[in-house]
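Worksheet: one structure, shown below.
Readers should treat all values here as calculations from the given coordinates under stated rules, not as data from a laboratory. The shown structure was predicted, so the numbers you read here are calculated from the model rather than taken from an experiment. Backbone-built Cβ (ideal geometry, glycine too); neighbour counts: all protein chains shown.
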Amino acid sequence: MQRTAEAVSLGHPDKVADYISSYILDRMIEQDKNVRYAVEVMIKDNTIVLGGEITSTATLNNATEYVKCALAEICYDNRYADIWGKYAIEPDKIKVINIIGIQSPEISQGVDNNGWGDQGVFVGYACQGEGKINRELFLAKKLNKALYDKARSSHNLGIDIKTQITLNDDKIETAIVAIPMLHDEDLTDFVISVLGEKPANIIINGTGRYTYHGSIADCGITGRKLACDFYSTAAPIGGGSPWTKDASKADLTLNIYARILACENLADNDECFVYLSSCIGRSELPSGLIKTIKNGIVSYHDLWCNQKPSNLIKAYGLDKPIYTKLCLKGISGILPE
């Protein structure tokens, strides 16, 4: 049976957008750990649009500086611009459009009483194997990270990278790589060494030529790479984007909680799914379910959960500036400590 998963690097424009929002949230939390934050980001060419709601004692006077610092951490800095010129974003030409407002007080009154900041449904997943994720996703992520690390110090390879792995009966049937190149470079041996076996098919830059990249070739928007950040096709995606929210928002905290519960309840089962739901302004979750699969046999167990947001925020340190770190990991990379 064929199974396929995709991964994208931090240099992909959608992930750039996720990272910028997470970076700004970290800077807000450094000033005010009780910040209420929901900010979407769009990046096209050298223009970044910030839109959403923030309620905080912190200020966002340094929005342009924050955006440039986030881009530099990704590796879109002046050195990179000197190498790639018109083919990639140029930090010195950055323009930030800020259309952020204030969160509705009707939401705040429920959050201030230790209720969730939104309603929604959430799914956590874990399975046997490295990282407790499906092998095709693990390998796609592993290859992507290796290529991204290589590209960060290269004068030829770009950092807007996509990888895709197809398994057939657990053997690597096809490995696909899209990576910007100024000049042709054979990465076949590198791909094989990272994967630890030779795929039946290796495809590098299927169009044949890939130079324009990042926000110059594409428009990046927060929350468009959730399948890569979550579990690919192994499990449904619950909630919205976790990378644009503070911890009072269930999209972040309950997605993390569901993943951790799935890992903790995996035991000797082949797979474990955790399904949760939330109600805005309330702490008790309307529903919770654990589904495990072992040797093809499916078992269900009800889960009652009255974990107040403040308890989970404290338990996972979500009132600290750790959001860029979480964005780097992805939900499927979060494991119990």
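From the square roots a ≥ b ≥ c of the eigenvalues of the alpha-carbon gyration tensor of the range 114-245, which class results: rounded (a/c under 1.5), prolate (a/b over b/c), or oblate? Here the range 114-245 falls in the oblate category.
Backbone N atoms of the range 112-128 closer than 16 Å to the 7 Å Cα→Cβ label point of Asp270 belong to residues 126-128.
Normalised by the number of residues in the range 14-106, the mean separation of alpha-carbon contacts (under 8 Å, six or more apart) gives a relative contact order of 34 percent.
Using R₀ = 41 Å, calculate the FRET efficiency as 1/(1 + (r/R₀)^6) where r is the Cβ-Cβ separation of Leu182 and Ile97; round to 0.05. After rounding to 0.05, the efficiency reads 0.85.
Quick one: of the DSSP bridges fully inside the range 14-106, what percent are antiparallel, nearest 5? All intermediate terms of the calculation are to be shown ahead of the outcome.
Numbers: 9 of 16 bridges.
Beta bridges within the range 14-106, antiparallel portion: roughly 55 percent.
One quarter of the surface of the convex hull around the alpha-carbon atoms of the chain equals 16.9 nm², the direction-averaged projected area. Set against the 2.2 N^0.38 Å expectation for a compact globular protein, the range 234-337 has a Cα radius of gyration ratio of 1.08.
Highest mean packing first, where packing is the average number of other Cβ atoms within 10 Å per residue, the peptides 14-24, 217-227, 283-293, 300-310 line up as 14-24, 217-227, 283-293, 300-310. Each residue of the range 219-228 was assigned a 3J(HN,Hα) from its phi angle through the Karplus expression (A = 6.51, B = -1.76, C = 1.60, θ = phi - 60°), giving 9, x, 9, 4, x, 9, 10, 5, 4, 6 Hz with x at Gly and Pro. When you restrict to C-alpha pairs under 8 Å that are six or more residues apart and normalise by the size of the range 243-337, the relative contact order lands at 28 percent. Protection proxy ranking, highest mean first, for peptides 199-206, 50-57: 50-57, 199-206, where packing is the per-residue count of other beta-carbon atoms within 10 Å, averaged.
For the range 89-101, the Karplus equation 6.51 cos²θ - 1.76 cosθ + 1.60, evaluated at θ = phi - 60°, returns couplings of 4, 10, x, 5, 9, 4, 10, 10, 9, 10, 10, 8, x Hz by residue, with Gly and Pro reported as x. Work out how much length Phe190 to Asn311 would gain on full extension: take 0.36 nm times their residue separation and subtract the Cα-Cα distance, in nm to one decimal. Fully extending the segment from Phe190 to Asn311 adds 39.1 nm.
In the structure shown, the pairs Lys93/Lys249; Lys68/Lys249; Lys15/Lys198; Lys95/Lys132 are assessed against 32 Å; a Cα-Cα span above that value is assigned to Lys93/Lys249; Lys95/Lys132.
Once whole DSSP H runs in the chain are found, which of them have Cα atoms spread over 15 Å or more along the helix axis and a mean Kyte-Doolittle score of at least 0.0?
Working: long enough: 13-31 (28 Å, -0.34); 63-74 (17 Å, 0.62); 135-152 (25 Å, -0.72); 250-264 (20 Å, 0.75).
Span-like helices in the chain: 63-74, 250-264.
Between the range 111-139 and the range 1-47, the C-alpha centres lie 17 angstrom from each other.
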